[in-house]
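Enquirer: Got a structure for you, written out below as structure tokens; questions coming shortly.
Coordinate-derived values only; no laboratory data. Because the structure is predicted, anything quoted here is derived from the model rather than measured. Ideal geometry is used to build each Cβ from the backbone, glycine not excepted, and the neighbour counts take in all protein chains shown.
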Amino acid sequence: MNTLAKKLADAWVKKHLIDVKSEEFPKNRRDSHLIQEQFHQVLKKKTVGWKIGMVTKNLQDGAKVDGPMIGKIIEETVLMNPLKIQYSKVPHCILECEFALKFLEDTKMVHGAENKKGNYEIFISLELVSTRIKPDSKKNLNSRELMFLNVADNGGAGAIVIGDKIQNLDNVNLNSIEIEVNLNEKITGAWEKRAHPTEAIKCIVNEFKDNPVTFKKGDWFMTGSIIQPIKINKGDKVKVDFKTLGKINLDFV
């Protein structure tokens with residue numbers, strides 16, 4: 001059992017941040033996935049799906065990384081459009097606006113899964129990216145090393161906020177959705193062209209092609225940010241307007 005996996009699980013339970021020594025860093029994606037798997041073995045929390053980011057080759061090349069940011073969704077971190085969240089539960093929070101898929105039947109992530117119709121619903125959502133690792137432990141890492149460490153840290157998973165279900169999905173062009181983010185009464189974020197949810201499905205298929213993931217009925221899949229991520233501090237008030245699809249308001253206390 002990897003020492004870092006145990007330290008990360010202990011940090012999750014105790015809600016504190018840890019220092020990580022250079023010799024503990026994962027050296028590649030295989031190591032980072034193994035540490036994440038061992039983290040969940042120690043934590044023993046129910047998981048209800050996956051989160052993913054940096055899903056396309058263009059995004060990965062732009063960030064100078066060799067694959068997606070990926071982690072499991074822990075059941076207790078799924079929040080159904082709350083009004084407030086304790087900042088201590090999502091330290092060093094980064095807010096992302098995303099689409100959340102909820103599977104209506106067991107679905108194995110193999111080639112062709114992206115073409116299945118009607119096996120999931122889509123909701124507007126927020127991901128509150130967080131960490132178990134003190135920032136000073138990351139400050140001298142290059143992009144690839146930082147990605148490896150973040151994947152080991154369960155993909156930087158903090159919490160997800162589920163908003164309204166998208167109605168009449170066949171008539172909605174997800175590539176044209178506009179989003180307005182109001183942070184403390186200032187407009188700080190807007191929609192930008194990002195990957196479609198089907199690209200996220202292709203990405204998780206490719207990431208685990210040797211041992212495919214199966215989403216169970218009721219599981220969630222967070223498909224990556226469709227805005228430039230926004231740094232959040234304690235005391236911030238956020239109002240996210242997905243225009244015709246709904247709104248999510250959140251106070252960090």
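Enquirer: Would you please give the FRET efficiency between Lys139 and Glu76, computed as 1/(1 + (r/R0)^6) with r the Cβ-Cβ distance and R0 = 30 Å, to the nearest 0.05?
Expert: E between Lys139 and Glu76, to the nearest 0.05, is 0.50.
Enquirer: Which far-off residues, 5 or more places away or on another chain, put their amide H under 5 Å from the one on Met109, with H placed in the peptide plane?
Expert: Val213, Thr214, Phe215
Enquirer: Hey, with R₀ at 25 Å, roughly what FRET efficiency would Leu83 and Thr244 work out to, going by the Cβ-Cβ distance, to 0.05?
Expert: 0.65
Enquirer: Residue-wise, which Karplus ³J(HN,Hα) couplings in Hz belong to the stretch 114-123, taking 6.51 cos²θ - 1.76 cosθ + 1.60, θ = phi - 60°, and x for glycine or proline?
Expert: 5, 9, 5, 10, x, 9, 8, 9, 10, 10
Enquirer: What does the charge dipole of the stretch 115-253 about its Cα centre add up to, to the nearest 20 debye, if the Cβ of each Lys and Arg holds +1 and the Cβ of each Asp and Glu holds -1?
Expert: 180 debye
Enquirer: Moving on to the next point. Quick one: compute a quarter of the convex hull surface over the Cα atoms of the chain and quote it in nm².
Expert: Here the figure is 12.7 nm², rounded to one decimal.
Enquirer: Could you list Ile94, Ile187 so that the one with the fewest beta carbons within 10 Å of its beta carbon is first and the one with the most is last?
Expert: Fewest-to-most Cβ neighbours within 10 Å comes out as Ile187, Ile94.
Enquirer: Where does the chain land at 222 nm, in deg cm²/dmol rounded to the nearest 500, when only DSSP H runs of n ≥ 4 count, each adding -39500 (n - 2.57), divided by all residues?
Expert: Taken over the chain, the calculation gives -6500 deg cm²/dmol.
Enquirer: Okay, next question. What ³J(HN,Hα) values, in whole Hz, does the Karplus curve 6.51 cos²θ - 1.76 cosθ + 1.60 give for the stretch 246-253 when θ = phi - 60°, with x put for Gly and Pro?
Expert: Residue by residue, the stretch 246-253 yields x, 9, 9, 10, 8, 9, 9, 10 Hz.
Enquirer: Could I ask something else about it? Apply the Karplus curve 6.51 cos²θ - 1.76 cosθ + 1.60, θ = phi - 60°, to the phi angles in the stretch 171-185 and return the couplings in whole Hz, x for Gly and Pro.
Expert: Working through the residues one at a time gives 9, 10, 8, 5, 7, 10, 5, 9, 10, 10, 10, 9, 10, 6, 6 Hz.
Enquirer: Would you mind computing, in nm to one decimal, how far apart the modelled labels at Lys216 and Ala63 are, each placed 7 Å from Cα along Cα→Cβ?
Expert: It works out to 2.8 nm between the two label points.
Enquirer: I've got another one for you. Amide H neighbours of Ile18 under 5 Å, at least 5 residues apart or on other chains, H built in the peptide plane: list them.
Expert: Those qualifying (amide H under 5 Å, at least 5 residues apart or on another chain) are Ile133, Lys134.
Enquirer: List every residue whose amide H lies under 5 Å from the amide H of Gly158, counting only residues 5 or more places away in sequence or on a different chain, with H placed 1.01 Å from N in the peptide plane.
Expert: The list, which skips near neighbours in sequence, is Leu128, Ser130.
Enquirer: Counting other beta carbons within 10 Å of each Cβ, put Ser137, Ser225, Ser22, Ser143 in order, fewest first.
Expert: In order of increasing Cβ crowding within 10 Å: Ser22, Ser143, Ser137, Ser225.
Enquirer: Give the order of Leu169, Leu8, Leu128 when sorted by the count of other beta carbons within 10 angstrom, beginning with the fewest.
Expert: So the ranking, lowest neighbour count to highest, is Leu169, Leu128, Leu8.
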